[in-house]
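Right, one structure below, let's go through it.
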Amino acid sequence: MKSIMKRLLNSLCNLNLLLNKKFDVPIFRVHSSNISVIKTPVDFYETLKNLSDQSTKRICISSLYIGTDHLEKDLVESFYQAKSKSPDLNLTILLDYNRATRETPKSDQSNGPTSSKSILLPLINQGANVNFYLTHLTSRHYGLWRRPKWNELISLHHMKLYIFDNNIIISGANLSDTYFTNRQDRYILIRDSPTLCDYFDQLIQTIGQFSLKLNTTGDFQLHDNWHYDPRKFFHRYLFKINAHKAIKNLNNDFSAKTTFNHHNINDDVVDTIVFPLLQMKSLKIRDEEKFTSCLFENQWPKSTRLDIATGYFNLIQKYQKKLTENSCLSPPTTILMASEEANGFYEGNGLLRYVPYVYTYYVRKFLQRINKLSNPNQISIRYYDRPKWSFHGKGIWLQTPEYYLTMVGSTNFGYRSVYRDNEAQLVIITKNERLKETFQSEFVDLVHHSRTIRNWQTDLPRIPFLIPFISNIFRSLF
């Protein structure tokens, strides 16, 4: 009798993914009992704190930025205490340079830290390795990248990975107070998985090697073994080539390490497989894009169901086309997204307050596309609409007769995620009934706070008359 692992892999072979030489990713075996869903922002924060307090070997963090309010200070303090209690603990933090160095004005006129950089400086003296990723694309936009906020339009390091010893949380949430209180996201905790944690640890270390290192004086410098400055125009080509090579070598090394014989797997021990997907188009790494495209275009059995969530709806045209052009053969699909009030930019300052209207316009255009289908009810649009909450959740849930697949991580499946930012996803495939129910319950809980959008003329708010013009021109920035 075939092992569960072999059946899982065979069921994916019709996607022409895992056996495709151009899609070479490491595959990890995980027992379903080690995987759990964290449901709320408060639980996410408490889990981070608890895991940090218990860590003795490593804390490895990748995020867009770390906030500077009291919750974030307490979390960083827990990193400091963990390092103090265990001097040999490896403490590594990787953030985005442009976002994490942006100063945040203090309303109370205090002298406290006003950026991720300043809040992390005390960790440097403790021996922490703190790196800030800056894309080589900034060298092409010299005037723009020097301006706070505007420089973040070019490209961001957007991976959200939180490793504590041999435990990892994969999420789309940043380390900021709103993500710990009333901004709903997804958070998957995988415990006791040393090889998987080693992979993501080394991924963060590898990206850190071609990032800017924060030193004890608060200045940035290149690592000793890296010679290509992303701020210099004539370094950008060699930066891209060598960074691409470093990431591919990492994937190849772990692919070789995780190669296994299907016939030697004990079904009682392994019932779930996971594999990472990276999207770093500026470095010519597009695994997540390839996988998602194949997922959307595959012809699934009739009883299959597909659910998608995104905090910012701006699906690239390729994804929209694959979801709609063969709708009669596609599974029933629900797409959950933030309403205008649940959008992270709602009531923002200056021009940012118009950003939710841009996403509303994209939803309107997609609804018009759906209404032209022979069966428009095949795709359901739902708005996350919870008073005083914002929605930042993202991912895919695919329920088939054979297995359950979920994709969790940082991507929003939009133009920024696919073409600009650095993203990391984890695909989890299981045949375990308990874990299947857990993942399905996760999506049901999110949908509970949503409403259906059927008619763009009656169910969507009106938008300012210039928004369509702006949205079409600057679509690649959202």
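All of the numbers you see were taken from the coordinates with simple rules; none came from a lab. Keep in mind it's a predicted model, so treat the numbers as computed, not measured. Cβ coordinates were reconstructed from backbone atoms using ideal geometry, including for glycine residues, and neighbour counts include every protein chain displayed.
Numbers for the structure displayed
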| quantity | calculated |
| --- | --- |
| For the stretch 328-383 and the stretch 20-60, distance of Cα centres in Å | 30 Å |
| For the stretch 401-478, convex hull volume per residue from C-alpha positions, Å³ | 143 Å³ |
| Low-density loop cleavage sites - trypsin sites (Lys or Arg not before Pro) in the stretch 268-330, where at most 11 other Cβ are within 10 Å (DSSP) | Lys302 |
| For the stretch 274-303 versus the stretch 424-449, the gap between their alpha-carbon centres in whole angstrom | 18 Å |
| For the chain: relative contact order, % (alpha-carbon pairs under 8 angstrom, 6 or more apart) | 19 percent |
| Lysines whose Cα lies under 27 Å from that of Lys49, excluding same-chain neighbours fewer than 8 positions away | Lys39, Lys57, Lys73, Lys83, Lys85, Lys106, Lys117, Lys160, Lys213, Lys388, Lys394 |
| Calculated Rg and Dmax of the chain using C-alpha coordinates, Å | 21.8, 69 |
| Segment Asn225-Asp459, extension gain: residue separation times 0.36 nm, minus the distance between their alpha carbons | 78.7 nm |
| Spatial extent of the stretch 355-447: Rg and Dmax, with the Cα atoms as the point set, Å | 15.6, 41 |
| Cβ charges +1 (Lys, Arg) and -1 (Asp, Glu), total dipole of the chain, debye | 1760 debye |
| Relative contact order [Cα under 8 Å, 6+ residues apart], the stretch 139-208, whole percent | 25 percent |
